[in-house]
Each structure stands twice: as structure tokens, then as C-alpha cells.
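Working notes, beginning with the structure itself.
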Amino acid sequence: MLLDSNNPYFFRSASPENVQFSLGTKYMVEQFGDTGRVGMIFNNDEAGRGAMNVVEDYCAENDLEFYAEGLNSGDKDLTGQLTKINDFDPDFIMFYGHDPETAVVVRQLSELGIDTPFAASSALAMAQVLDLVDNEAIAGKFCITDYVPDESDPFIADFIKRFEARWGETPERYAALHCSGAMAVIEGLRTAEDVDDPTSICEAMKNIKDLQTVIGVYNCDENGELLHSAVITEIDENKNVVVKDRQNM
Amino acid sequence: MAQLLINGLAMGFVYALVGIEYTLIWNSTGLLNFSHDKFITFSAYIFAGMYVLSLGLPPALAVIATLITIFLFGVVVALGIFNPLAKMTSNLYAIIGTVILGRIISEIIRLTWGPLPFTVDNFLTGTFSIGPLVIGKAYVYIILSAIVIVVGLQILFKATKVGKAIRCVSQNKTAAALMGINVARNTAFTIGLSAVICSVIGILVIPLFSVEMNMANMIGLKGFTSGVVGGFGYLPGAIVGGLLVGIVESVSVTVLPAVYKDCVSFILLIAFLLFKPNGLLGNKQN
């Protein structure tokens, strides 16, 4: 919807769901796509429907059977949706949702004994979601995100170190995301021909290429999308977020 | 289908418990308590946030401490808010009063524990399996608790002096007062008791919903629906209504997209209000 408004001042620091979910679905098909059946549960809001459309389109293009069920923000009982998806017998289940319902889905999958491979949007790897579910319920679940606090990367390690020194806790995705967005604005201001002219700053931001930020290397496209990368992670039995694959956009 | 029936039955008992709590307050004060979902939420925060996570009490001890705390909270609320509101000339004051009470409880929760959800690790988690059918342990505890509460309330109402006094007050406050029953104290006890039921619900749904500000919003509304469907003001009606709502909304997903599950419950509510306002068992109450 935001892209449809053709607002030249629109920029998005997060990865677009369509690209993320396209890459995520491709990864899950490669790993688990034995019978060509894909299930999905999604939040019935604008972002969730967008992600669902991406997976549906991917399945149509690749001749895969697709079945999806929606949920409303704040839903607490998703057993009906999960039971129906399980009856469809998919190779794997994709999920798009926000923090509270992500924990509910993971917990109720475990309670219903559904052990079908499961890949969720970025909320799954957030500390506040990991804290809400037991280890055995979340172990082996995949997450499609754009940020992992990976201390092997010196740039991210430095950010984590400074964030922890300042705030006393490990930065989660939102901190990294908004820090990266601010870095993009600063880059726009730094490279603009005239910092008093909004169009000049906007133009400078549109020209961002290979900007190293906390969340990845930004390349701005013509729509204002600050494209970077999709990271496929798997949660292990101790709730560590293990990187399985990283794909640049 | 069998799994959906089990899911519906399990949620139905949650709604039934909420319906019972609604009914108790309605019968004792003639008020609809629109803050009762916040009582449930507050109980979950007291149990998990205060007693287990902050004070480090073992869950069993924390349950007892929560029940006592919430009973006392219910009594204070009854004496300070419900009894004065029940005496007002219009029920509108009372309805607004309970809504505002809910807002106050929400803000107390937000200021004390913050907006982020949390849970109690390994508390009532796990499942029981019967062949291909699965039911969460939390649901089993909810069903057992509902049975214990219903049986306990029946014994209280039929076999004890306090219970008979509660029934007298619910039937005719003036006559009860003339017979020497302290109506204000009796109402305070009943609301304390309903608060205890709220705390049982709040504690038992933690493994299902996590502890968060809006955890009881929907079950609060569904509990009201259960009361209407079963027959408002009649305890067995709340149970029958709760089970019916739970099963109907769960089975509805076989013919409708599951996202409309809540709509089914509320269509049921509207249908009963329009065509059978006394509910399924309302005539038995009389």
C-alpha cells in the first residue's frame, strides 16, 4: 500500500516481506519440498496478506499445492487453523505474524503434536518471543529475518558491545533496524548537495549503494527500499539462533 | 473433526469458567462486571509477575498466595466500588464504573510490569495423547478446575449457611436484609469469590496465552456470550453455554475460514439475544 502511494520520500529500512518470503519459501522447498504441498498461517493484516500473496504466487509459479489460513491480531486459540493446515499434510508450514501470536503458534503446534518443518517471519528470533516458549517447542523451527546478532561480524560485534554498554542489554532486531535506518538518513545528509533542500537529501538517499549498516549492506532501489539481505536461521534446543543461510537481495 | 471437538471442548471450559464468574456477580449485585477480563489479567500478573518471577515462590505456594490476594482485592473492590454503584439510580453508572475499573487495573499492570508479554517457564506445559488425539495439559487442568468449581459452588449454595444467604440476596435483597442477612458483606464475599474464580482462570491460561495486557479480552467477551447462550444468571446455563460456544466456533472452521471463528461466536450471541433471550436453560432457572 505504501509503495502504491508513489511517495518519493518513502524509504523502508526493513527488508521487504515479498523478497524475504520468496527467498525463505525457496529455501524451505529445497530442504523439505518432497510432495510439493505448502501450508501457511498468516496474520490477516496488510503485511501478513502481502507475505501470503508472495508464497501463494511462488507456489503457483513452481506448480506447488498451497493452502493457507489466516488469524487476527490478538487471537489466542489457533488450534482450528493449525488442525486444518495439518490435515492438508504440507511438507512445511510458513508463518507470518507479530510477536504475541508467534509464541502462540509455536506453543500450539507443539501441543497439537505437529512436527512439520516450520518457518516464521522475523518475530520468531526475537528475544521476547524466545522467552515465551519452552525450548523443546521452538527447537528446530526456522526463521526468515534480516538481522541476527552475529558477533563474528566485527561491525555487528562493535554495535552490540556499544549498545550493551549504553543500555545494559543485547540489542534485538528493532534496535538494529532503527539504528540502520538512522545511518541511512545520516548518509543521505552527508552526501546531499544541499542539506537545506529536502529533494536533494531524498535524491542522495536514493543513491545509497553498498552502505554498511548494522542490519546489512544497504542498496536503495527506485522505490525507496533499502535492500540488504535475508537470513534463514534455525533455533536450536537451547534457543540459540543459528544461521543456516544468508542471501543478498 | 475429533481433534476440533476436543479443541472446542477445551476452550468451552475456559468460556464456561468466565461465564460462571459473570453469573456470580450478576446474581449477587445485579451488575454486569465489564472489568472481569482485567481481573483475570491482573491475577495472571500477580501470580507470574509478582509471586513466581519477582519473589521466587514455588508455583504451588504462588497459587495459594494469588488466590488469597485476589480474594482480598475483590472484597476491597466490592466495598469501595460495586456496593456503592449497585445503589445508584441507573445501572448505567455501574456499567461505566466497571469499565473504568478495568482501565485503572490495566494502567496499574502497565506501569508495574510494562507492556511486554512474559510467561512462567515449564508451567503446566506438555500434552496428553489418546491415539491420534492430543490435548494440552493446561486444558486438562482447566476442565478439572471447572468441575471442582462447579461442584464446590453447588455444595456452597445448597449445603452451607453462607451459600443459602448468597442465594437469598440474589433473589431479593430487601427481603434478605429483613431476614437479618448483611447484604453488603454477603455481596463482598460473593465478589471476592468471583475474583478467586478469575484468578483460577488467569493462572491456568498462562501456558496458553502468556501473560500480557490483552490476554483475557476475547475470553471475557466469549464468557459473556456463554452466559447469554446458556441463560444469564443461571450457573448450569453458563457451563452449557460455554461448552456450546467453544464447540460451535471450533467446528465452524470445517466450513468457514478459521479467521471467522470469533464472528461465529458473536453471531450466536446476537441470534440468542434476538430469538431466545432467556438462553438454552433460562426457563429452568425460573
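What follows draws every value from the coordinates through simple rules; no lab data is involved. All figures in this text were calculated on a predicted structure; none of them were measured in a lab. In this analysis, Cβ positions are derived from the backbone assuming ideal geometry, glycine residues included, and neighbour counts consider all displayed protein chains.
In chain A, helices alone account for a calculated mean residue ellipticity at 222 nm of -13000 deg cm²/dmol, with every DSSP H run of four or more residues adding -39,500 (n - 2.57). Taking all Cα pairs closer than 8 Å and separated by 6 or more residues, the relative contact order of chain B comes to 36 percent. Contact order for chain A, expressed relative to its length and based on alpha carbon pairs under 8 Å spaced 6+ residues apart, stands at 21 percent. Once both labels are positioned 7 Å from their Cα atoms along Cα-to-Cβ, the gap between A:N6 and A:N240 label points is 5.1 nm.
The H on the amide N of A:I208, modeled in the peptide plane, is under 5 Å from the matching H of A:C220, each at least 5 residues off or on a different chain.
Please work out whether the range A:1-129 counts as rounded, prolate or oblate from its C-alpha gyration tensor, where a ≥ b ≥ c are the square roots of the eigenvalues and a/c under 1.5 means rounded, while otherwise a/b larger than b/c means prolate and anything else oblate? Because a/c hits 1.5 or more and a/b fails to exceed b/c, the range A:1-129 counts as oblate. Selection among B:I247, B:I105, B:A188 by position relative to the dipole of chain B gives B:A188 as farthest towards the positive end (Cβ unit charges, Cα centre). Toward the positive end of the charge dipole of the range A:45-177, with +1 on the Cβ of Lys and Arg and -1 on the Cβ of Asp and Glu, the farthest Cα among A:G140, A:I156, A:Q81 is that of A:I156. What does the C-alpha gyration tensor say about the overall shape of the range B:90-196? Classify as rounded when a/c is under 1.5, otherwise prolate if a/b is larger than b/c, or oblate. Judged from the Cα gyration tensor, the range B:90-196 comes out oblate (a/c at least 1.5, b/c at or above a/b).
Working note: Cα gyration tensor of the range A:128-170, eigenvalues times five, square-rooted, sorted largest first, giving semi-axes of 25, 14, 8 Å. How large is log10 of I(q)/I(0) for chain A at q = 0.07, 0.13 Å⁻¹ when the intensity is taken from the Debye formula with one equal scatterer per alpha-carbon? So the normalised log intensities work out to -0.25, -0.83.
On a C-alpha basis, how far is the centre of the range B:58-86 from the centre of the range A:1-74 in Å? Whole number, if you could? Between the Cα centre of the range B:58-86 and that of the range A:1-74, the gap is 47 Å.
Among B:L274, B:L72, B:L281, rank each residue by its count of other Cβ atoms within 10 Å, from fewest to most, as a rough exposure measure. Numbers along the way, then the final one.
Details: B:L274 8, B:L72 12, B:L281 18.
Ascending Cβ contact count within 10 Å gives the list B:L274, B:L72, B:L281.
Exposure proxy for A:F118, B:F42: other Cβ atoms within 10 Å of each Cβ, ordered fewest to most, give A:F118, B:F42. Stokes-Einstein at 10 °C, 1.306 mPa s, Kirkwood radius from Cα pairs: D for the range A:72-148 in µm² s⁻¹? So the translational diffusion coefficient is about 127 µm²/s.
Here the residues B:F128, B:F189, ranked from fewest to most Cβ neighbours within 10 Å of their Cβ, fall in the order B:F128, B:F189. Across the range B:8-17, computed HN-Hα scalar couplings (Karplus, 6.51 cos²θ - 1.76 cosθ + 1.60, θ = phi - 60°) run x, 5, 4, 5, x, 5, 4, 4, 4, 4 Hz from first to last residue, x flagging Gly and Pro. The shape of chain B comes out oblate: with a ≥ b ≥ c from the C-alpha gyration tensor, a/c is at least 1.5 while a/b does not beat b/c.
Compactness ratio of the range B:113-261: Cα Rg over 2.2 N^0.38 Å, N = residue count? Provide the component values of the computation, followed by the final result.
Details: Rg = 18.6 Å, N = 149, 2.2 N^0.38 = 14.7 Å.
Here the answer is 1.26, to two decimals.
With both labels modelled 7 Å from their Cα along Cα-to-Cβ, the A:K161 to B:T160 distance reads 6.4 nm.
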